[in-house]
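Undergrad: Dropping the structure in here first, questions after.
The values are calculated or read from the model by the stated rules, or taken from the named source; none is laboratory data. No experiment lies behind these values; they were computed from the predicted model shown. Cβ atoms come from the backbone with ideal geometry, glycine included; neighbour counts cover every protein chain shown. Areas reflect the complete protein model, heavy atoms only, side chains present, ligands, DNA and RNA absent. Shrake-Rupley method; radii C 1.70, N 1.55, O 1.52, S 1.80 Å.
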Amino acid sequence: MQTTLAPLAPPKAPPKLAALDDLREKTQPNRLKEVRERAGLSQAELGRLVDVDQQQIYRWEKAGDLKISTLRLLADALQCA
C-alpha cells in the first residue's frame, strides 16, 4: 500500500521589520518616561522616590544604561512589575 504525501504549505511570509522610529519608541528610556508620566510624576518626584536627583532621571530617560537593581527600584517606585 502506497501513501500519498500532502503537498507542503507555502512558507509563511517573514514578519515585516519595524521602522526605526517604531523601534526607538519602544526602547527602555522612552518606556521609562511613558510610565513615569502615566503615574503622574515629574522627574524630580520620581527622583525623590528612588533617592536620585532629577538630572539622573533625565539621563535614564534619554540614554537608558540601567542596571537590573535600578530597574527593580524604579518598578517598585512606579508600582509596576
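Undergrad: Arranged from highest to lowest average of other beta-carbon atoms within 10 Å per residue, in what order do the peptides 68-76, 49-57 appear? Intermediate values should be presented prior to the final figure.
TA: Numbers: 68-76: 12.6, 49-57: 14.8.
Listed from highest to lowest mean packing, they are 49-57, 68-76.
Undergrad: Now for a separate question. Which order do you get for Lys33, Lys67 if you rank them by accessible area with a 1.4 Å probe, largest at the top? Provide the component values of the computation, followed by the final result.
TA: Details: Lys33 75, Lys67 145 Å².
From most accessible down to least: Lys67, Lys33.
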